[in-house]
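Here's the structure, in structure tokens; my notes come after.
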2 protein chains.
Amino acid sequence: MNLTIAEENYIKAIFHLQQAEGNVSTNQLAASMHTKPASVTDMLKKLTNKSLLEYEPYQGVRLGKEGKKQALSIVRKHRLWEFFLVDKLQFGWDEVHEVAEELEHISSKKLVDKLDAFLGFPKFDPHGDPIPDMNGNMVSIRQFNLIDVKQKTLVEVCSVGSQSAELLELLRHKNIVIGTQLQIVRKFDFDHSVEINIENKPTITISQQLAQALFVKLV
Amino acid sequence: MNLTIAEENYIKAIFHLQQAEGNVSTNQLAASMHTKPASVTDMLKKLTNKSLLEYEPYQGVRLGKEGKKQALSIVRKHRLWEFFLVDKLQFGWDEVHEVAEELEHISSKKLVDKLDAFLGFPKFDPHGDPIPDMNGNMVSIRQFNLIDVKQKTLVEVCSVGSQSAELLELLRHKNIVIGTQLQIVRKFDFDHSVEINIENKPTITISQQLAQALFVKLV
DNA sequence: TAAATTATTTAGATTTGTCTAAAAATAATT
DNA sequence: AATTATTTTTAGACAAATCTAAATAATTTA
């Protein structure tokens with residue numbers, strides 16, 4: 001099933017809107033794509049013919065099985081590239097979205113899977129959204145980058161950004177494991193480093209890079 | 001100047017055909033793009049209006065100043081991505097072209113320059129073609145990967161694939177510098193390792209990866 | 001429930017990049 | 001130089017993705 005870039009963008013938009021609500025309306029979709037409802041209707045017909053969607057005129061639309069598969073593949077690519085940009089090319093996590101919007105349309109599956117391996121099979125992108133694996137499976141709960149958590153909030157480490165040896169070495173040294181509970185003591189604007197307090201241990205400081213690699217949930 | 005993917009592909013094709021001959025003919029271009037002469041004429045008019053080309057009907061075409069700049073930017077992206085695929089993602093050098101054809105159209109300049117730095121500012125792609133730098137400058141002579149040289153040929157090392165610390169360390173250990181002359185003694189099919197003979201020193205073996213990082217010219 | 005409002009679809013036009021078929025310009029050949 | 005062959009351009013058509021304006025369906029409200 002080969003999709004054009006426009007088709008992929010529709011599939012992706014439907015996927016995201018569907019998370020929040022059930023069926024997705026023509027107007028919602030038009031707003032989210034910055035296009036007109038009439039254009040949406042045309043495209044919905046086209047994608048329905050390709051059996052990617054379940055669509056009844058006037059009743060909104062939802063992804064079919066094949067559509068869901070395609071959507072997960074696009075989301076996987078988007079989030080893996082975002083991870084690459086932040087982790088390897090030193091982009092800020094807030095400046096990667098646009099570039100990833102382009103990269104997500106590169107078609108080679110071999111490329112994506114090799115990129116995944118190169119990055120250490122990360123489970124979350126730099127915004128804390130889960131990355132689908134090769135089979136489209138991903139964690140469903142929303143987690144947060146430690147760097148985004150407010151002062152004093154008590155959180156628990158759920159997972160780490162990647163499995164790279166360098167990261168694991170640093171975590172061992174700081175005594176941080178999955179399940180560790182900690183509180184943000186203070187955040188420094190200059191280098192975005194963060195002071196944290198782990199259970200009954202002395203306060204320590206961790207760098208921006210490390211804080212971005214830690215995914216936590218509220219306790 | 002924002003170009004569509006189709007426009008970029010024409011600019012790139014003209015650039016490559018221009019290297020071999022002077023003015024590029026409509027038919028040549030049609031053949032190289034797997035399209036029809038009529039389509040080429042249409043596009044040439046369009047690109048001429050954007051002042052990328054110098055084009056007289058029936059007289060063939062050549063790139064103008066702005067066209068050349070665009071072409072170098074595309075070639076730079078293509079070759080940097082090829083280098084990335086081979087050096088970081090472990091693709092074979094013979095399977096990267098198609099993927100790079102897609103990646104070369106990603107527009108972010110920041111991405112390209114950061115990728116360049118991440119790769120160690122490589123001067124040649126995995127096929128031995130020179131990579132233009134940020135300003136469009138590149139070596140003009142065609143060099144060869146050592147791995148492609150026939151047995152017994154005497155060659156001289158012109159440059160190395162990248163400036164990574166790991167590569168430089170290995171080169172120091174093997175006593176290979178720019179200007180070193182050597183002969184291929186033997187090539188092994190199993191792991192594509194190569195036995196080489198440097199001037200009056202004992203024969204040594206180098207790995208496929210190292211041989212691919214060495215660019216040489218005939219002596 | 002009938003009218004008014006909102007949402008959605010249809011109809012017809014536009015742009016981009018392509019095509020085929022025919023005309024025009026250039027080049028080659030006798 | 002005149003004819004033939006080749007190359008290139010023009011003219012008109014088509015598919016994809018979009019648009020505007022008008023028509024129709026669904027929903028809300030009085």
**Q.** Surrounding net charge for A:GLY60, when Lys and Arg each add one and Asp and Glu each subtract one, Cβ distance under 11 Å
**A.** -2
Q: Grab the beta carbon distance between B:LYS150 and A:ALA117, set R0 = 25 Å, and tell me the FRET efficiency rounded to 0.05.
A: 0.15
Q.
Where in chain A is the longest stretch that carries no GluC sites (Glu not before Pro) classed as loop by DSSP and with at most 16 other Cβ atoms within 10 Å?
A. A:96-198
Q.
If you average the alpha carbon positions of the stretch A:115-140 and of the stretch B:92-114, how far apart do those two centres end up, in angstrom?
A. 22 Å
Q: For A:THR205 paired with A:ASP42, estimate the spin-label separation in nm (one decimal), with each label point 7 Å from Cα along the Cα-to-Cβ line.
A: 5.8 nm
Q. Given only helices, namely DSSP H runs of n ≥ 4 each adding -39500 (n - 2.57), what is the per-residue ellipticity at 222 nm of chain B, to the nearest 500 deg cm²/dmol?
A. -13000 deg cm²/dmol
Q. Hey, got a sec? Which trypsin sites (Lys or Arg not before Pro) in the stretch A:108-207 land in a DSSP loop and have at most 16 other Cβ atoms within 10 Å?
A. A:ARG142, A:LYS150, A:LYS152
Q: Starting from the Cα gyration tensor of the stretch B:5-63, take the square roots of the eigenvalues, sort them a ≥ b ≥ c, and report rounded, prolate or oblate (rounded when a/c is under 1.5, otherwise prolate if a/b is larger than b/c, else oblate).
A: rounded
Q. Quick one: putting +1 on the C-beta of Lys and Arg, -1 on the C-beta of Asp and Glu, what dipole do you get for the protein assembly as shown around its Cα centre, in Debye to the nearest 20?
A. 40 debye
Q: Over all alpha-carbon pairs in the stretch B:131-211, figure out the percentage whose distance exceeds 22 Å.
A: 27 percent
**Q.** Label distances, nm, B:ASN23 versus same residue in remaining copies, Cβ-directed 7 Å point
**A.** 6.3
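Which value does Rg/Rh take for chain B over its C-alpha atoms, Rh per Kirkwood?
Details: Rg = 19.8 Å, Rh = 19.0 Å.
Answer for chain B: 1.04.
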Q) Dividing the Cα radius of gyration by the Kirkwood radius, what Rg/Rh value follows for the stretch A:1-129? A) 1.00
Q: Give the value in nm², to one decimal: projected area of the alpha carbon convex hull of the protein assembly as shown, averaged over all directions.
A: 27.2 nm²
Q. Which distances, in nm and shortest first, link the A:ASP191 label point to the same label point in every other copy, taking 7 Å along Cα→Cβ?
A. 4.2
**Q.** Position B:ASP129, label points 7 Å along Cα→Cβ, spacing to each other copy in nm (shortest first, one decimal)
**A.** 3.5
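Read-outs throughout are calculated quantities, based only on the coordinates presented, and are distinct from any laboratory measurement. Note that the coordinates shown come from a computational prediction; the quantities given were computed from them, not determined experimentally. Positions of Cβ are generated from backbone atoms using ideal geometry, with glycine treated the same way; all protein chains shown enter the neighbour counts.
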